[in-house]
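Taking it in order: structure first as structure tokens, then the write-up.
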Amino acid sequence: MRERLYIYMMKRILLIGIGLLFAGMARAQKNQLLLDEHNRYVYYQVVDMPGISTDSLHKNSAYFVKSIYPGNKSIKISDSAILIKDKFLTYTSFVKHESGEVTYTLNIEFRDSKYRYWLTDFSFTPYERNRYGVFVPSSQNHIPLETAASKVGKKEMASYIEQAGAFCKQLGGKLKEYMAENHTAQKKPDQQPAKIVTDKW
């Protein structure tokens, strides 16, 4: 009887462990780059915003762009979408210096009560140390991240993919914060400073 109970408990523990493992893997995949139908890496999210109009989402996303990408000249804004091209740095695993930069395209589209965004067109440019000891982009052209594995090591490639996924998640978190707030109502009218009368005392 005890042996049967022991075997039953072990099976239950094993099944629970497998379930937790798969749940963890599913959560991790949400933060990773995946391949789209064109075999390009993409980070894609759809976010529900109940009760928020397309116009409000448009204004909030424009405020997000103005705040996060000041001076960026590659921004294209229409009535229902925003497109931005930018880049972020990657770092080596050990000495933590810049190893390269990744360019990307951010697309944002919105409609009543929801918006979606995706980052794609990832291209990697390796960095090299110049004669002054500063890490700068090498003379190599941008390498599409999908084919970068042929140019860098397996561990480096995995690190770049992981860093890109973490960057996308962080950027998506910032976008969500801006989308949830009414930034257009935050500007207060200028207040006149109080005047001091000096001819009477």
Being of a type in the set (Phe, Trp, Tyr), surrounded by 14 or more Cβ atoms within 10 Å (Cβ to Cβ) and over 23 Å from SER74 (Cβ atoms) is the requirement here; does PHE110 meet it?
no
Identity of the residue in the range 97-137, at pLDDT below 90 and of a type in the set (Ser, Thr, Tyr), that ends up farthest from GLN32 (Cα to Cα):
TYR132
Members of the range 49-72 that are part of a loop (DSSP other than H, G, I, E, B) and in contact (Cβ under 8 Å) with a residue 40 or more places away in the chain:
MET49, PRO50, GLY51, ILE52, SER53
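So that you can scan it fast, the table gives a plain yes or no per residue for (1) loosely packed, with under 12 Cβ neighbours inside 10 Å; (2) at pLDDT 90 or above; (3) more than 13 Å from the chain's Cα centre (by Cα):
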site: PHE88; (1), (2), (3): no, yes, no
site: GLN140; (1), (2), (3): no, no, yes
site: LYS151; (1), (2), (3): no, no, yes
site: ALA164; (1), (2), (3): no, yes, no
site: GLN191; (1), (2), (3): yes, no, yes
Taking into account only those residues within the range 113-138 that are closer than 28 Å to LYS174 by Cα and of a type in the set (S, T, N, Q), which is surrounded by the fewest Cβ atoms within 10 Å (Cβ to Cβ)?
SER113
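The values are calculated or read from the model by the stated rules, or taken from the named source; none is laboratory data. No experiment lies behind these values; they were computed from the predicted model shown. As a convention, Cβ positions derive from the backbone with ideal geometry for all residues, glycine included, and neighbour counts pool all protein chains shown.
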